[in-house]
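Participant: Structure below; questions to follow.
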């Protein structure tokens with residue numbers, strides 16, 4: 001079974017610990033990075049999983065289990081229903097959509113996130129994160145049988161997105177990379193060999209202020225991890241501790257971009273005028289605003305894998 005490992009601050013030091021129903025069991029050694037942990041700490045993790053609790057969860061602060069610097073690579077429209085919602089035909093996808101976020105966006109699973117003053121259309125996107133466990137520095141063909149060599153763990157990510165920057169400017173990197181725009185954790189599920197089959201039957205669930213906004217199963221992915229990582233290796237190096245976010249389910253706040261894009265392509269009005277109309281019409285919609293609280297969880301229905309729950313308060317600048 002998977003072992004759940006988190007990164008914590010107990011007031012005196014930052015430590016890695018195995019999380020269980022009994023509490024937190026600190027690892028014996030220290031590891032500066034997630035990559036260092038996954039490369040050199042497997043025995044330490046196994047020993048802690050057999051040990052007694054050393055810390056109470058309420059006595060520590062939970063940090064992101066993904067340390068920086070790192071790469072944060074992403075897939076777009078990778079769930080069937082979300083592709084439809086985005087104006088695509090999931091049965092005639094011509095390509096796997098990739099983009100990235102800067103690691104300035106990485107933050108802890110319970111940290112508050114500041115909505116920048118110029119952003120009005122802040123959106124949420126729960127995603128499963130594949131945590132890399134092996135260096136990829138050349139093209140490689142990965143299969144389901146070799147996937148465990150490359151993916152050491154999985155975790156929860158939230159691809160927060162400033163739609164009023166991303167869409168009018170065509171700036172995925174900027175609109176998705178403001179500081180705090182990638183809450184990660186609370187834990188890494190470090191997988192055993194028998195756990196990998198369960199990756200294809202995880203349920204992703206996101207709520208805003210207690211209202212369900214997103215829910216879907218990884219059974220509805222269009223591109224599965226082995227295929228995705230094989231293609232990614234054609235143009236991107238990866239190192240232990242990097243994370244690949246695998247797309248979000250339907251139910252995001254932004255729902256009208258395809259119609260706007262069609263109007264932009266055929267309009268007499270200038271493009272910037274149409275985007276201003278889009279932003280004006282979207283105000284007051286289901287976007288995140290200061291005071292909103294986002295909760296995100298990923299688990300299998302049978303409980304074999306349970307990645308825990310994020311809780312992300314959205315705050316105004318200066319809060």
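Participant: If only one of 197, 193 is out of contact with any helix residue (DSSP H, G or I) (no Cβ under 9 Å at 6 or more places or on another chain), in the same structural domain as residue 85 (by TED's automatic domain parsing) and more than 23 Å from residue 252 (Cβ to Cβ), which one is it? Let's see the steps before the verdict.
Facilitator: Numbers: 193 fails: out of contact with any helix residue (DSSP H, G or I) (no Cβ under 9 Å at 6 or more places or on another chain).
Of the residues listed, the single one that is out of contact with any helix residue (DSSP H, G or I) (no Cβ under 9 Å at 6 or more places or on another chain), in the same structural domain as residue 85 (by TED's automatic domain parsing) and more than 23 Å from residue 252 (Cβ to Cβ) is 197.
Participant: When you check residue 213 against the structure, is it surrounded by 14 or more Cβ atoms within 10 Å (Cβ to Cβ) and out of contact with any helix residue (DSSP H, G or I) (no Cβ under 9 Å at 6 or more places or on another chain), yes or no?
Facilitator: Yes: the conditions hold for residue 213.
Participant: Now, a different point. Answer yes or no as to whether residue 62 is closer than 22 Å to residue 41 by Cβ and part of a strand (DSSP E or B).
Facilitator: For residue 62, the condition - closer than 22 Å to residue 41 by Cβ and part of a strand (DSSP E or B) - is met.
Participant: If residue 235 passes every condition in (1) surrounded by fewer than 19 Cβ atoms within 10 Å (Cβ to Cβ); (2) in contact (Cβ under 8 Å) with a residue 12 or more places away in the chain; (3) over 18 Å from the mean Cα position of the chain (by Cα) but one, which one does it miss?
Facilitator: (2)
Participant: Among the numbered criteria (1) surrounded by fewer than 16 Cβ atoms within 10 Å (Cβ to Cβ); (2) within 30 Å of residue 9 (Cβ to Cβ); (3) in contact with a helix residue (DSSP H, G or I) (Cβ under 8 Å, 6 or more places away or on another chain), which single criterion is violated by residue 131?
Facilitator: With respect to (1) surrounded by fewer than 16 Cβ atoms within 10 Å (Cβ to Cβ); (2) within 30 Å of residue 9 (Cβ to Cβ); (3) in contact with a helix residue (DSSP H, G or I) (Cβ under 8 Å, 6 or more places away or on another chain), residue 131 is out only on (1).
Participant: So, residue 213, is that one closer than 17 Å to residue 305 by Cα, modelled with pLDDT of 95 or more and touching a strand residue (DSSP E or B) at 6+ places or on another chain (Cβ under 9 Å) or not?
Facilitator: In short, no.
Participant: Might you check whether a residue that is modelled with pLDDT of 95 or more and part of a strand (DSSP E or B) occurs anywhere in region 272-289?
Facilitator: For region 272-289, residues modelled with pLDDT of 95 or more and part of a strand (DSSP E or B): present.
Participant: Which number in (1) modelled with pLDDT under 95; (2) surrounded by fewer than 19 Cβ atoms within 10 Å (Cβ to Cβ); (3) within 28 Å of residue 230 (Cβ to Cβ) marks the one condition that residue 169 misses?
Facilitator: Of (1) modelled with pLDDT under 95; (2) surrounded by fewer than 19 Cβ atoms within 10 Å (Cβ to Cβ); (3) within 28 Å of residue 230 (Cβ to Cβ), only one is false for residue 169: (3).
Participant: Still on this structure: I'm checking my understanding of the structure. Among residues of region 290-319 that are in a loop (DSSP other than H, G, I, E, B) and surrounded by 14 or more Cβ atoms within 10 Å (Cβ to Cβ), which one is modelled with the lowest pLDDT? Spell out the reasoning first.
Facilitator: Here is the first cut: in region 290-319, the residues in a loop (DSSP other than H, G, I, E, B) are 290-292, 301-305, 316-319.
From the residues that got through so far, the ones that are surrounded by 14 or more Cβ atoms within 10 Å (Cβ to Cβ) too are 290, 292, 304-305.
Details: 290: 98, 292: 98, 304: 95, 305: 98.
Among those residues, the one meeting the criterion is 304.
Participant: Residues of region 80-117 being modelled with pLDDT under 95 and within 18 Å of residue 296 (Cβ to Cβ), which ones?
Facilitator: 81, 82
Participant: Within region 80-90, how many residues turn out to be crowded, with 16+ Cβ neighbours inside 10 Å and assigned to a loop (DSSP other than H, G, I, E, B)?
Facilitator: Looking only at that region, the number is 2.
Participant: Also, quick follow-up: Has region 91-105 got at least one residue that is free of Cβ contacts under 8 Å to residues at least 40 places away in the same chain, outside the structural domain of residue 247 (by TED's automatic domain parsing) and assigned to a loop (DSSP other than H, G, I, E, B)?
Facilitator: no
Participant: Same structure again: Taking residue 102 as the residue in question, decide whether it is within 14 Å of residue 180 (Cα to Cα) and in contact with a helix residue (DSSP H, G or I) (Cβ under 9 Å, 6 or more places away or on another chain). Don't jump to the end; show me each part of the working.
Facilitator: Details: within 14 Å of residue 180 (Cα to Cα): yes; in contact with a helix residue (DSSP H, G or I) (Cβ under 9 Å, 6 or more places away or on another chain): yes.
In short, yes.
Participant: Still on this model: With respect to residue 186, is the statement that it is farther than 21 Å from residue 311 by Cβ and part of a loop (DSSP other than H, G, I, E, B) true?
Facilitator: No.
Participant: Assigned by TED's automatic domain parsing to the domain that holds residue 306, touching a residue at least 60 places away in the same chain (Cβ under 8 Å), buried (at least 17 other Cβ atoms within 10 Å of the Cβ) and over 21 Å from residue 310 (Cα atoms): which single residue out of 77, 117, 153 fits that description?
Facilitator: Only one candidate qualifies: 77.
The values are calculated or read from the model by the stated rules, or taken from the named source; none is laboratory data. This structure is a prediction, so every number in the text was calculated from the model and none was measured. For neighbour counting, all protein chains shown are included, and Cβ atoms are generated from backbone atoms with ideal geometry for every residue, glycine included.
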